[in-house]
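Down below is the structure, laid out as structure tokens.
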Amino acid sequence: MKLYIDLLAGDGIGPEVIDQAVKVSNAVAKKFNHEIEWTSALTGAAAIDAVGEPYPDSTHEICMAADAVLFGAIGHPRFDNDPTAKVRPEQGLLKMRKKLGLFANVRPTFTFPSLIDNSPLKRERIEGTDLIILRELTGGIYFGERGRSEDGNTAFDTCTYTKDEVVRLAKLGFEMAMQRSKKLCCVDKANVLETSRLWRQTVQGMEKDYPEVTVSYEFVDAVAMRLVQWPSSYDVLITENLFGDILTDEASVISGSMGLMPSSSIGIHTSLFEPIHGSYPQAAGKDIANPLATVLSAAMMFEDAFGLKEEAELIRSVVNKSLAEGIVTEDLAGKNKAYKTSEVGDWLAANL
Ligand code: IPM
Ligand code: MN
């Protein structure tokens, strides 16, 4: 099979972790007789520096023409400390999500047997955790009207959702639940917010189409608490953009390191695969970042964008093997030897 993949390495550790995912993907492709054509394009602070724009049209065209996009990370501290900056790397990410129609962000949280004791939570709390947060990605407060009063002392951001936006996200949630344990949790703040009441009402109205799925409705504050108490009690959760942003960061550390969890964003045009972690600027260029979340994102890409399940499973198994044998970066090494980002990538590619 010929695979056309767009690479958006982005900022910070993005290029380093993307390099490892490319190594592993090429090794898998060789083994299964696929041919990958990679095209690189600019995004984030790197794109601002080069062309003054974090998601240039040229990058969008390349994304639209590809079968899948593999994305590193976006963000640079130079912009974080300057609230007056007119162009910001993150705007590129939001623009890309909107223009590619990536309305659903799939963020799984699972545990690795060999890493259970790396988790900030106790073993008995997290054993068996295997959940997916399905985050709405192109609506809500991220994209609503915002502004300042003339004197600059009042600011507002608005959260808007349409029923159709809720339906298309919830539909994916119900379908995912059908493939898994038939449990779906709708996370909202319906005791306060009108948009949440629309979400709840819409999802309730869809229940009859999926009679086998048991749906629970929980407030986001309670979910934030239960996620660290009994994460294994959840399976598929659906939620709006901002709640999903916060809960997925919380969930991502359950497995033991933020450097482990992959994600996909799917919707109308080309699907995108990326690690959940950010650009980690302190580590950029040091060859110390954990590449596994990006490598596992590539596995998700093989399976979800190309239907190549065996290839995906092979990647996951070699990742498990590296963890079991301690071929890990410093975030996971503890007192043992820490391997470099590139060494982990080389080892994975060689041991497939
Ligand atoms: C994420 C990130 C982004 C978001 C930022 C960088 C805009 O935190 O992908 O979760 O808030 O969506
Ligand atoms: Mn986030």
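The values are calculated or read from the model by the stated rules, or taken from the named source; none is laboratory data. Remember, predicted model here, so these are calculated numbers, not experimental data. Every residue, glycine among them, receives a Cβ derived from its backbone with ideal geometry; neighbour counts consider all protein chains shown. Note: accessible area is taken over every heavy atom of the protein model, side chains too, but ligands, DNA and RNA are not part of it. Shrake-Rupley method; radii C 1.70, N 1.55, O 1.52, S 1.80 Å.
One line per residue, one yes/no per condition, for (1) at negative phi; (2) in the same structural domain as L296 (by TED's automatic domain parsing); (3) out of contact with any Lys or Arg (no Cβ under 8 Å at 6 or more places or on another chain):
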residue: P89; (1), (2), (3): yes, yes, yes
residue: G101; (1), (2), (3): no, yes, yes
residue: G140; (1), (2), (3): no, no, yes
residue: F143; (1), (2), (3): yes, no, no
residue: S149; (1), (2), (3): yes, no, yes
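Considering only the range 68-85, I want to know if a residue exists there that is closer than 20 Å to A21 by Cα, part of a helix (DSSP H, G or I), at pLDDT below 95 and not assigned by TED's automatic domain parsing to the domain that holds L247. No, because not a single residue in the range 68-85 is closer than 20 Å to A21 by Cα, part of a helix (DSSP H, G or I), at pLDDT below 95 and not assigned by TED's automatic domain parsing to the domain that holds L247.
Flag set for R123, criterion: charged (D, E, K, R) and open to solvent by 10 Å² or more (accessible area, probe 1.4 Å).
Residue count for the range 244-265 satisfying the condition of being open to solvent by 40 Å² or more (accessible area, probe 1.4 Å) and either touching a strand residue (DSSP E or B) at 6+ places or on another chain (Cβ under 6 Å) or not aliphatic (A, V, I, L, M) (or both): 3.
With a requirement of 3 or more residues that are among the small types (G, A, S), the helices (runs of 4 or more DSSP H) lying completely within the range 189-271 that satisfy it span 241-252. So, S322, is that one among the polar types (S, T, N, Q) and touching a residue at least 60 places away in the same chain (Cβ under 8 Å) or not? No: the conditions fail for S322. Of all residues in the range 184-202, those being surrounded by 15 or more Cβ atoms within 10 Å (Cβ to Cβ) and under 20 Å from D245 (Cα atoms) number 13. Filtering A284, A251 for residues that are more than 24 Å from L100 (Cα to Cα), outside the structural domain of A170 (by TED's automatic domain parsing) and either charged (D, E, K, R) or within 16 Å of ligand 1 (Cβ to nearest atom) (or both) leaves a single hit, A284. Is one or more of the residues making up the range 272-282 within 16 Å of ligand 2 (Cβ to nearest atom), open to solvent by 50 Å² or more (accessible area, probe 1.4 Å) and out of contact with any Cys (no Cβ under 8 Å at 6 or more places or on another chain)? Yes, there is a match, as at least one residue in the range 272-282 is within 16 Å of ligand 2 (Cβ to nearest atom), open to solvent by 50 Å² or more (accessible area, probe 1.4 Å) and out of contact with any Cys (no Cβ under 8 Å at 6 or more places or on another chain). On the basis of being outside the structural domain of L172 (by TED's automatic domain parsing) and within 16 Å of ligand 2 (Cβ to nearest atom), does G307 make the cut? Answer is no for this residue. Taking the stated definitions as given, is S181 of a type in the set (G, A, S) and open to solvent by less than 40 Å² (accessible area, probe 1.4 Å)? Criteria not met by S181. Collect the residues in the range 57-100 that are open to solvent by less than 10 Å² (accessible area, probe 1.4 Å) and more than 16 Å from ligand 2 (Cβ to nearest atom), keeping them in residue-number order. Those that are open to solvent by less than 10 Å² (accessible area, probe 1.4 Å) and more than 16 Å from ligand 2 (Cβ to nearest atom): T59, C63, A68, V69, L70, L100. The sole residue among P231, P262, P291 that is within 15 Å of ligand 2 (Cβ to nearest atom) and either of a type in the set (A, V, I, L, M, F, W, C) or at pLDDT 95 or above (or both) is P262.
Across the range 100-159, the number of residues qualifying as part of a helix (DSSP H, G or I) and of a type in the set (K, R) comes to 2.
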